[in-house]
Amino acid sequence: MNKMRIVSALVMAALAVADAHFAVAEGDVHSVPSPIASFDLAEIAPGNYVHYGTHEERSPRNFGDNANVGFIVGDRCVAVIDTGGSAAVGQALHQALRRVTPLPVCYVVLTHVHPDHLFGAAAFLEDNAQFIGHAELPRALAARGKFYFNTLKRDLGEAAQGSELVEPTRLVKDEWLLDLGGRRIRLHAWPVAHTDNDLTVYDELTGTLWLSDLLFVEHTPVVDGSILGFIRVLEQLRAVRAEHFVPGHGRTDASWPQALDPEVRYLKVIVTETRLALKARKTIQEAVDTVGYSEEPNWVNFEQFHRRNVTSAYAELEWED
């Protein structure tokens, strides 16, 4: 990720989203002046632009700008990779994109169901793009949408206004190639890992792999699918020949695929120690209180996410033979 070209984009436009389905505010969505004073982009490879989110907890101060998002520019059009955690973040991304290129947005890739990657999608409805997701994404959205909206409003208050969960118009079951004009990007749908609806994006022209939340850097990994599946998918990802890569959270100067090592280690520590806890007939609470704490110094947001990871691992591993 050397030779990054930082593009500062001052966002001053207002967001007006009409025809809102799944909207936070009922009825008409009022215009919301963008609260984001600046929105930086890093061009990590030719035509690949990334905005790095904060590790802070979601709040009105950061407007849900917690995930890494960005876009890939071809000769014909642009593919957006995730849209951020609120309408304000999505609009900031849209404004930043327009400072880079006037080309139309033809695709918006929604890499998985988690709200910090999805709620900015309304900013791209005006582009008449195809919204693309994993084949399991609609089911996950239907199951979690109401809860996600309630927690978004709780955490952001008025700053959540205009945010939407936009349903995908095209689903990926295995792989799908998108042609941006002089540049093909490959979407890959993974089995259950971080979630049961993870997509990765690979730019064939530059060898840039967008992993979304299959890779966490600095930020404590989140297990919302299968911890064993997560480890298997990470081992498969090692075989991808990536010249550049984008995590779902954080950034690193580590080379590929060594950048995967800390996350794999963390997940394997949980698996090993949870199995020992089960063998010792410890309760789930005892496991949650003791498993994996040697990893705490290596991650931010540890207390927020680690205990739920152990809970998930315990529930999965207790049924092993």
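Expressed as an acute angle from 0 to 90° and rounded to the nearest 10, what is the orientation of the C-alpha long axis of helix 87-100 relative to the principal long axis of the chain?
60 degrees
What order do you get for TRP176, TRP190 when you list them from fewest to most C-beta neighbours inside 10 Å?
TRP176, TRP190
Find how much the distance from GLN285 to ARG308 grows on full extension, using 0.36 nm per residue of separation minus their present alpha carbon separation; answer in nm with one decimal.
Result: 7.2 nm gained on full extension.
List the residues whose amide H sits under 5 Å from the amide H of LEU214, counting only those 5 or more places along or on another chain, with H placed 1.01 Å from N in the peptide plane.
Excluding prolines and chain starts, which carry no amide H, the hits are GLY248.
Once fully extended, how much extra length lies between ASP75 and GLU57, figured as 0.36 nm per residue of separation less the alpha-carbon to alpha-carbon distance?
Full extension of this stretch gives 2.7 nm more.
Quick one: work out Rg over Rh on the C-alpha atoms of region 208-303, Rh as Kirkwood radius.
Rg divided by Rh gives 1.00.
Can you tell me the relative contact order of region 5-261? Whole percent, Cα pairs under 8 Å, sequence separation 6 or more.
Reported relative contact order: 17 percent.
Could you sort 272-278, 44-50, 251-257 so that the peptide with the highest average Cβ count within 10 Å comes first and the rest follow in order?
44-50, 272-278, 251-257
Rank the residues LYS153, LYS146 as a footprinting-exposure proxy: fewest other Cβ atoms within 10 Å of their Cβ go first.
In increasing order of surrounding Cβ atoms, one gets LYS146, LYS153.
Based only on other Cβ atoms within 10 Å, what is the fewest-to-most ordering of PHE216, PHE119, PHE305?
So the residues, fewest neighbours to most, are PHE305, PHE216, PHE119.
For the chain, what does -39500 (n - 2.57) per DSSP helix run (n ≥ 4), summed and divided by total residues, give at 222 nm, in deg cm²/dmol to the nearest 500?
-9000 deg cm²/dmol
Please list, by residue number, every one of the trypsin sites (Lys or Arg not before Pro) in region 163-244 that is coil in DSSP and has at most 15 other beta-carbon atoms within 10 Å.
For trypsin sites (Lys or Arg not before Pro) across region 163-244 that sit outside H, G, I, E and B with at most 15 neighbouring Cβ atoms in 10 Å, the list reads LYS173, ARG238, ARG241.
Can you pull the three principal axis extents for the Cα set of the chain, in Å, largest first?
Principal-axis extents of the chain (Cα, largest first): 60, 43, 34 Å.
Which angle from 0 to 90°, rounded to the nearest 10, does the C-alpha axis of helix 302-317 make with the longest principal axis of the chain?
Helix 302-317 sits roughly 60 degrees off the main axis of the chain.
Taking only Cα atoms, what is the 0 to 90° angle, nearest 10, from helix 227-237's long axis to the longest principal axis of the chain?
On a 0 to 90 degree scale, this one is about 60.
What ranking do 263-269, 193-199, 120-126 get when scored by the average of other Cβ atoms within 10 Å per residue, highest first?
Result, highest mean first: 193-199, 120-126, 263-269.
Label points 7 Å out from Cα along the Cβ direction at GLU235 and ARG170: separation in nm?
3.3 nm
No lab work stands behind these numbers, since they all come straight from the coordinates. The structure presented is a predicted model; accordingly, all values stated were derived computationally and were not measured. Backbone-built Cβ (ideal geometry, glycine too); neighbour counts: all protein chains shown.
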